[in-house]
Amino acid sequence: MTFFADLFAELEPVGRFDLLALAEEVAVGVGEQIIEQGCPNLAMYVVLEGAVRVEYQGEEGAQSQLATLYLGAVFGEMSFLTQETASASVYAEEDTTLLRLDHEAVAGFLAKDVEFASRFYQSLAVTLAERLRESIRRP
């Protein structure tokens, strides 16, 4: 599981704090849906407190749980990057507090500093590669 600290470890503290200043804190109750598979999602989330469950619904309607994410975990990054619909649904497993990073706000921030943007996107690429590697290792 990738943690927020790891995700942005390559970013300078000042830039990291500026990026976090764009984030909105969101509280969700147990069972509440945060992201819906197949629907637009232009935000990336970080778990500050609580836990979320990531589920995928196959073409034949079968639901499968992909992961449970805890403190520091990042999710929604795929649709955040591609601006396509969400590939999975995410639900609050318990009362949860999240940081929400809106794509438009982050894109505007990154447009001002190409070097910072490069490190930001590299960090996201590493996160996605690690998740892919983990999914391949699962039985």
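Tabulated values for the structure
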{"item": "Residue under evaluation Tyr91, criteria (1) over 16 Å from Cys39 (Cα atoms); (2) assigned to a strand (DSSP E or B), criterion not met", "result": "(1)"}
{"item": "Among (1) in a strand (DSSP E or B); (2) surrounded by 17 or more Cβ atoms within 10 Å (Cβ to Cβ), the one test that Phe80 misses", "result": "(1)"}
{"item": "Some residue of the range 101-123 being in contact (Cβ under 8 Å) with a residue 60 or more places away in the chain, crowded, with 16+ Cβ neighbours inside 10 Å and part of a strand (DSSP E or B)", "result": "yes"}
{"item": "Output for the range 39-58, where each listed residue is farther than 19 Å from Thr127 by Cα, in a loop (DSSP other than H, G, I, E, B) and modelled with pLDDT under 95", "result": "Gly58"}
{"item": "All positions within the range 30-73 that are without any contact (Cβ under 8 Å) to a residue 40 or more places away in the chain and of a type in the set (Gly, Ala, Ser)", "result": "Gly58, Gly61, Ala62, Ser64"}
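The values are calculated or read from the model by the stated rules, or taken from the named source; none is laboratory data. As the structure is a computational prediction, the values presented were derived from the model and not from experiment. Quick reminder, even Gly has a Cβ in these numbers, built from the backbone with ideal geometry, and neighbours come from all protein chains shown.
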